[in-house]
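Comments concern the structure below.
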2 protein chains.
Amino acid sequence: MTTKTHVERVYNFSAGPAVLPLPVLEQVQQELLALPGCGASILEISHRSKQFVAILEDAEQRLRQLLSIPSHYHVLFLQGGSRLQFSMVPMNLLRGRNLPARYILTGSWGRKAYEEAVREGTALVAWDGGSTGYDRVPAWQQVSIPPETAYVHITSNETIQGVQFPDHPPAEWPVVVCDASSDFLSRPIPVDRYGLIYACAQKNAGPAGVTIVLIRDDLVQKSPDDLAGYLSYRNHAQEKSLFNTPATFAIYIVGLVAKWLQEEIGGLEKMHQINREKAALLYRVLDESNGFYRGHAEPSCRSLMNVTFRLPDETLEKQFLTQAEREGLTSLKGHRSVGGIRASIYNAMPREGVVALAEFMSDFASRHAS
Amino acid sequence: MTTKTHVERVYNFSAGPAVLPLPVLEQVQQELLALPGCGASILEISHRSKQFVAILEDAEQRLRQLLSIPSHYHVLFLQGGSRLQFSMVPMNLLRGRNLPARYILTGSWGRKAYEEAVREGTALVAWDGGSTGYDRVPAWQQVSIPPETAYVHITSNETIQGVQFPDHPPAEWPVVVCDASSDFLSRPIPVDRYGLIYACAQKNAGPAGVTIVLIRDDLVQKSPDDLAGYLSYRNHAQEKSLFNTPATFAIYIVGLVAKWLQEEIGGLEKMHQINREKAALLYRVLDESNGFYRGHAEPSCRSLMNVTFRLPDETLEKQFLTQAEREGLTSLKGHRSVGGIRASIYNAMPREGVVALAEFMSDFASRHAS
């Protein structure tokens, strides 16, 4: 039993690691000294203990249910973040092949993924939004993808620029690899449109330290035999994420978050609807501010996860951040590479937090608009 | 405030993830919903927030104090476990060089490290304890290490076999790389005898999910430029472990464990003394059992961390495990590759737990010795 009365929590708009569902944190807290029936903390038990193996299987099954993952896809829990996936994807799917990978660059993370791929094989840019400051994603038919392609790489949501693909690539494309780090579990995904989906957990799925990979079985078989042990998807798939000691605690939380999505939210369609409504509250303030707030993304490509915008000048942006912080609205500063304001409103950000921010924004604009 | 009265904890002899200090778990539990003065959980805050950067720096400073780490060594917090270090070490220090690495194999983990090294360059076996079942470590003068050596790799403690180097390699050897995963922080280390020391946290230093690397500055400069971003020590050193999002929660716990070692235990000399006393309690039972318990390691190479032994037959071993479990002495099963019994008695295993096990062992032997 824990008492919660004295804990003051802010509305935390961090882009990641990010807010987690309060009921999940409460369960973690309650079980921290000893898992029920176990006599030891989740932090202390072997990854091969029956208790942890049950937790691992439960987390996997809940992800399979939430995303309707077909049985010929593996669900892997890895370490090293999306950053290591930027390299593992081409190491496993590009090295030693005669076909190029093709990267669609819609923001900073897609660009970094591409920069790692060129170290491992022939990677080409299929589309690059750099000329308009990564303020949009392409329509699929705008991008030419020849059949001679090892894989196409996309970033479903760019956290820094705040642009998101509103839908999914055409079924007729070759293997598509998706970095879904920042919108994974925020909406349904037709998994079979993709060959591989990866997502670091620290946006919607859990804490930092675990990265979830969904990979189609035929692609697992492509891992080169001479790859370093940890870097081979095949090793992790064969050992069901127990090739070595995984990030046990982070996986436990992913399972609790998935349970929260199933039992408290009611699944990903519901979550998507809630996320659409939350984002609309903020974009409406932007659109009705007579240009005081200037959203970064083209309206058709606006992210439901990261709402990015500028104020008339940097002095006002600083004031905005300071005053927001004072109201308990924290971590709203834009990424250091682009500046401005970024409100990350992942699954676990309650609607009340978004309402509070929208009201603060309207109020701030009315006080400072000239 | 949390009430602890209803939590029943066992004595958990898991080889890793392993028992953590109870005061550390209690602090984690107390702060779990919101770090003091922060309004958000450690699980929810950005790795670039001032709160987390302070936690990261505190963890590093405490490790530097505990181990007297010279200032020309970097302290890195990485992901992927020792398993990824098995590959990163040769990728960074062997690839493209004309010198071989030399591996001293004293157990299963050293062998696995060697198997990864041969994928990356010329790795030679300098000594192999396989012919006697990895029951000992060599005296240093038994091993011939020519100056033409990229590095020498040792495993300071082998968790599966329960053998440990009682001291440290000669100062005149070339660069020594040490996998100290299972005895890191259990005793002082003359860090300057080594070029690189790595340790996954889940034995003595924290939970699974973070791996600590101490690396001398001149070695950081050897990382090849074409290495995948995450796999380059230089990138992590330049960015002070913030090359990408690190395992924030695991690092926070490493800091708390280091604080516990400093403030509750009184440093690593004291910890070493306590560990020697704990191990002696169990080895005495082995030695006085008239051969009922047969220790795996040669007495001069006995691990202070993992006490491994066999009973007269497997039926008795099963009974031993079942009855121990009933007494709240858990996770005593030997590694699946070697069988038998393994009692892991890391820093956080209280002396009372070891006393309870020693008494159980004496009692079991007196009941079953023929």
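The values are calculated or read from the model by the stated rules, or taken from the named source; none is laboratory data. Please read all numbers here as calculations on a predicted model, not as lab measurements. Heads up, the Cβs are rebuilt from the backbone with ideal geometry, glycines too, and the neighbour counts pull from every protein chain shown. The accessibility values were calculated without ligands, DNA or RNA, using every heavy atom of the protein model including side chains. Shrake-Rupley method; radii C 1.70, N 1.55, O 1.52, S 1.80 Å.
Across the identical copies, the 7 Å label point of B:Gly339, projected outward along Cα→Cβ, sits 7.0 nm from its counterparts, in ascending order.
When DSSP beta bridges are limited to those with both residues in segment A:26-263, what percentage is antiparallel, rounded to the nearest 5? Walk me through the numbers on the way to the answer.
Details: 13 of 28 bridges.
So the antiparallel bridges amount to about 45 percent of the total.
Remark on B:Val307: its backbone amide H falls under 5 Å from those of B:Ala343, B:Ser344, B:Ile345, a criterion applied only to residues 5 or more positions apart or on other chains, H modelled at 1.01 Å from N. When the charge dipole of segment B:236-325 is built from unit charges on Cβ atoms (+1 for Lys and Arg, -1 for Asp and Glu) and taken about the Cα centre, the candidate among B:Gln323, B:Leu281, B:Tyr252 whose Cα reaches farthest toward its positive end is B:Tyr252.
Report the local net charge at B:Glu314: Lys and Arg +1, Asp and Glu -1, summed over other residues whose C-beta lies under 15 Å from its C-beta. Once positives and negatives cancel, what remains is +4.
Divided by 2.2 N^0.38 Å, where N counts the residues, the Cα radius of gyration of segment A:115-219 comes to 1.08. With K and R counted +1 and D and E -1, the other residues having a Cβ less than 9 Å from that of A:Lys259 yield a net charge of -2. Only Lys, Arg, Asp and Glu carry charge here, each on its Cβ (+1 for the first two, -1 for the last two); on that basis segment A:1-160 has a dipole of about 220 debye about its Cα centre. Highest GNM mean-square fluctuation among B:Ala34, B:Ala201, B:Ala358, for chain B modelled with Cα contacts below 10 Å: B:Ala34. Note on segment A:209-282: Cα-only Rg and Dmax are 17.1, 51 Å. Bridge orientation summary for the protein assembly as shown: considering DSSP beta bridges with both residues in this region, about 55 percent are antiparallel. Here segment B:325-366 has an Rg and Dmax of 10.9, 29 Å, counting Cα atoms alone.
How do A:Thr132, B:Thr245, B:Thr155 rank by accessible surface area computed with a 1.4 Å probe, from largest to smallest?
A:Thr132, B:Thr245, B:Thr155
All distinct Cα pairs of segment A:275-370 go into the 1/r average, and the inverse of that average, the Kirkwood radius, is 13.2 Å. Scaled against the 2.2 N^0.38 Å expected of a compact globular protein of N residues, the Cα radius of gyration of segment A:93-165 reads 1.07.
Using Cα-Cα distances under 8 Å and only pairs 6 or more residues apart, what relative contact order does segment A:26-263 have, in percent? Here the relative contact order equals 26 percent.
Here the Karplus curve 6.51 cos²θ - 1.76 cosθ + 1.60, taken at θ = phi - 60°, turns the phi angles of segment A:187-193 into couplings of 7, x, 10, x, 3, 6, 6 Hz, with x standing for Gly and Pro.
Put the Cα centre of segment B:29-52 next to the Cα centre of segment B:198-249 and the gap is 23 Å. Scattering from segment A:26-263 was approximated by placing one identical point on each alpha carbon and applying the Debye formula without solvent; log10 I(q)/I(0) at 0.08, 0.09, 0.10, 0.15 1/Å stands at -0.30, -0.38, -0.46, -1.00.
Residues in segment B:198-203 carry Karplus couplings, in order, of 10, 7, 5, 7, 6, 10 Hz; the curve used is 6.51 cos²θ - 1.76 cosθ + 1.60 with θ = phi - 60°, and Gly or Pro positions show x. Note on segment A:26-263: with charges restricted to the Cβ of Lys and Arg (+1) and Asp and Glu (-1), its dipole about the Cα centre is near 160 debye.
For chain B, modelled as a GNM whose springs connect Cα atoms under 10 angstrom apart, the maximal fluctuation among B:Asp313, B:Asp287, B:Asp226 occurs at B:Asp226. Only helical runs count toward this figure. For chain A, summing -39,500 (n - 2.57) over DSSP H runs of n ≥ 4 and dividing by all residues gives -11000 deg cm²/dmol at 222 nm.
Viscosity 0.692 mPa s, temperature 37 °C: what is the translational diffusion coefficient of segment B:274-317 from Stokes-Einstein with a Kirkwood Rh over Cα pairs, rounded to a whole number of µm²/s? Rounded, D is 302 µm²/s.
Between B:Lys333 and B:Arg342, the built amide H atoms are under 5 Å apart, and every one of these is 5 or more places off in sequence or on another chain. Considering only B:Thr122, B:Ser68, A:Ser182, and ranking their Cα positions along the charge dipole of the protein assembly as shown that arises from unit charges at the beta-carbon of Lys, Arg, Asp and Glu, the one farthest toward the positive end is B:Thr122.
Chain A packed on chain B takes about 4700 Å² of accessible surface away from a 1.4 Å probe, both sides summed. Rolling a 1.4 Å probe over the protein heavy atoms leaves A:Lys270 with an accessible area of roughly 120 Å².
For A:Ser41, the residues whose amide H sits under 5 Å from its own are A:Leu35, ignoring neighbours fewer than 5 places away on the same chain, with H placed 1.01 Å from N.
For A:Lys240, the aspartates and glutamates whose Cα comes closer than 15 Å to its Cα, not counting residues fewer than 8 places off in the same chain, are A:Glu57, A:Asp58, A:Glu60, A:Asp217.
Segment B:334-370 and segment A:275-330 have Cα centres lying 61 Å from one another. In nanometers and ordered shortest first, the copy-to-copy spacing of the B:Pro188 label point, defined 7 Å from Cα toward Cβ, is 6.5.
Can you tell me the equivalent ellipsoid semi-axes for segment B:1-94? Use √(5λ) from the Cα gyration tensor, largest first, whole Å.
With the √(5λ) rule applied to segment B:1-94, the semi-axes are 29, 21, 14 Å.
Distances between every pair of Cα atoms in segment B:211-370, grouped in 10 Å steps from 0 to the bin holding the largest one, split as 9, 29, 23, 21, 13, 5, 0 percent. Ligands, DNA and RNA left out, the accessible area of chain B computed with a 1.4 Å probe is 47% carbon and sulfur.
Counting only protein heavy atoms, probe 1.4 Å: which residues of segment B:82-126 lose 40 Å² or more of accessible surface in the full assembly compared with their chain by itself? By number: B:Arg83, B:Leu84, B:Arg119. Counting only Cβ charges, +1 for Lys and Arg and -1 for Asp and Glu, the dipole size of the protein assembly as shown around its Cα centre is about 200 debye. Applying the Karplus relation 6.51 cos²θ - 1.76 cosθ + 1.60 with θ = phi - 60° to segment B:165-177 yields 3J(HN,Hα) values of 5, x, 9, 10, x, x, 4, 7, 5, x, 3, 9, 9 Hz, where x marks Gly and Pro. Under the criterion of Cα pairs below 8 Å and six or more residues apart, the relative contact order for segment B:1-138 equals 14 percent. At q = 0.07, 0.09 Å⁻¹ the log10 of I(q)/I(0) for the protein assembly as shown amounts to -0.50, -0.82, computed by Debye summation with a single uniform scatterer per C-alpha, solvent ignored. Among B:Ser331, B:Ser289, B:Ser182, the largest mean-square fluctuation in a Gaussian network model of chain B, built with springs joining Cα atoms closer than 10 Å, belongs to B:Ser289. For segment B:226-278, applying the loop criterion from DSSP together with a ceiling of 16 other beta carbons within 10 Å to the GluC sites (Glu not before Pro) yields B:Glu239. Projecting the Cα atoms of B:His47, B:Thr159, B:Gly229 onto the charge dipole of segment B:26-263 (Cβ charges, centred on the Cα centre) puts B:Gly229 farthest toward the positive pole.
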